[in-house]
Each structure stands twice: as C-alpha cells, then as structure tokens.
1. For the chain, what is the relative contact order in percent, using Cα pairs closer than 8 Å and at least 6 residues apart in sequence?
2. Determine the equivalent ellipsoid of region 163-317 by diagonalising the alpha-carbon gyration tensor, then write out the semi-axes as square roots of 5 times the eigenvalues, largest first, rounded to whole Å.
3. With a 10 Å radius around each residue's Cβ, average the other Cβ atoms per peptide and rank 188-194, 86-92, 213-219, 141-147, highest first.
4. Give the peptides 248-255, 15-22, 205-212 in descending order of average Cβ contacts within 10 Å, highest first.
5. Quick check: residue separation of residue 214 and residue 139 times 0.36 nm, minus the Cα distance between them. What number comes out in nm?
6. Please report, largest first and rounded to whole Å, the three semi-axes of the ellipsoid equivalent to region 94-208, where each semi-axis is the square root of five times an eigenvalue of the C-alpha gyration tensor.
7. Jot down the radius of gyration and Dmax of the chain, Cα atoms only, both in angstrom.
8. Of all alpha-carbon pairs in region 59-118, indicate the percentage at a distance above 15 angstrom.
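Every number here is computed from the coordinates shown, using simple stated rules; none is lab data. Just so it is clear, the model here is predicted, and its values are computed rather than measured. Ideal geometry is used to build each Cβ from the backbone, glycine not excepted, and the neighbour counts take in all protein chains shown.
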C-alpha cells in the first residue's frame, strides 16, 4: 500500500496537469466556435485510428523520447540542458554524413556506425557547456542556448554548401542515405512500426539502470542533490558535470541519428525543428524519470501526429496543440498549483534520490584513503 501511494504521488501531478490542460483546451476550442468533442475525437483518430496513424505517432514520439532522456539525465545532476536541439541536429547531420558514405559496408556494420556517429557528435557538443561550467563557471543554461544557435547555423550552412545534395537545386539538404544505413520499420501484421522506437525504449531502460543501479548513477544523483556533500564524500564533481553533459548530448545526438536514418532519410534543416526543445516539456512531465519519458513522449507525439486531422475534420488551427502543450508545461512547472488541487503536502511527497548512509560510507572511505 505504501508503494502504491508513493507511485500515485509521483504520477498524480503530471496526470492532473494533462487533464486540466485538456479541459482548458476544450474551453478554448468552444470559445473559438469549434466542438471540443469533435476536435479531440479527430485528434485521437489521427494519432491511433489506423495503422498509419500509429506509425506516425511512434515516429513523432521516438526523437522526443531521446531528447526527453537527454534533458532528464542532465536534471539528475542538477544541470539544465537547454541545448538538446543543437546536439540533436549535429547528431542528425553526422548520421547523414556517415549514412551517405562507406557504400561497401554491410548493413550490420553500417547502421551501428551511423548511429554511433550521431551519438559521438551530440556527446562532444554536449560536453562543451559541461566543460565551460566546470572550468569557467559559465551557467549551462546560457551556454547551451547560445550553442543551439551556433549548431543550427553551422548545420544550415553545411546542408546548403559543402554537403548539399547536388541533385537538389532549390532545397538545402544532404543526399539520401544509403539503404545499408537506413532503419527500416518492423512489420507486425498490418502495422509498420519504426525500429527507432524500440531502440528508444531500450535506451530508456539502460539510462534507468545507469542512474539507479550503478556507482556512476549514484554519484550523478548525489551531485544533483548536493554538490558540496558529494565533494566531501570524495566524488569528483567536475568530472561528473562534464560526463553528465556528454551523456546528455549523446542521447540527443542518438535521437538525431534515428530521425535521419528512420524517418527523413537525410538531413534537411527544419525537419528536426523543435524536437530538442520539446524534450524539456517531456522531461518535466515525466518528473525526470527515464521510464516516465516514454508515455510523456507518446502523448506529445500523438498530439503532433493527430494535429493535421484535427485541423481538417474539426476546422481547428494546429496551433491549439502548441497552446495545450504550453499549458501542460505551465502546470507541471507550477507544481504547487496541482498539489493544492490534490490537497497534497509537499513535505509528504519528497522522495530523496540520495541515500545518506551511502554518502556517509563514501566520505568514510575517502577519509581513510580507500
């Protein structure tokens, strides 16, 4: 019973935030002259009504899972990675470069190599704000925002310059990746399910295991809770900050690779727009839980996938989806409002990530020279 209550306290805020946001969205739809029931029915039909809709929803959700994991992972170390967008596009471009090269490679080698290219590119770009935070004190919020603009402009230049598809005169984009590097969907009955989605679920499980079942994960969570206590316990805080941002960037880059290999088939500026920024909404909605990122990304992915059908069937502007998403983010961020509605006591809901006995053990080992 205690575990059930703890679980409910963890999920009650995001679930309530979503419900309230949908109700407010229904009010906005009614005021605008549209039928909320018809609009939401069209939205659900577009997202899950047929095999195509399910495929589209999973395709939309897959890079969102990776960007959500990137932001959530950084949160665990007390870092706010606003640069997932820049890390994702660098990963997408790196995957496009490797995906159009090495024509002689077999599929079993080319696909992992292309994925690795995006992971490395995103990770290295994510490590930059970590190093700046460590060695200069520059806050990662500022540096990651600035690095987003740098990444977007560099990738736009490369896609419209040295890496541009010679057969495309008007559109800035790279050549189509080779078939040996493509993440082709898996056919299950009538459903064509993107392979990248299954990869994202596996990665989410690995991140959970890393955070909760390894020493490195414990150190990351300790730094996030109290850097001074972590330093006293012998944890190298500087190393953890850089490593956390590197892994966070690698996750975003992974999402860019999957988008290039499994959805777009090339790098084209604008196709990845907003995916990294949506990761912030998803990470907050998931309460930074790696497994919680999956349903949160599916929710946003379904809203994106069904938006066009809602527009055509119910004559509703797709911008209403952005408004609902913004309201969800507001209520999740303003958690005190939801807790007031649910009559929850903040002190009753605190769950410490760091076990004090383990911190004390680390401090004792450090002081004894072990």
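1. 34
2. 35, 21, 16
3. So the peptides 188-194, 86-92, 213-219, 141-147, ranked by packing, come out 86-92, 141-147, 213-219, 188-194.
4. Answer by packing, highest mean first, reads 248-255, 15-22, 205-212.
5. Working it through step by step, the gained length comes to 24.3 nm.
6. Semi-axes, largest first: 29, 23, 13 Å.
7. 21.6, 72
8. Across region 59-118, Cα pairs with separations above 15 Å total 59 percent.
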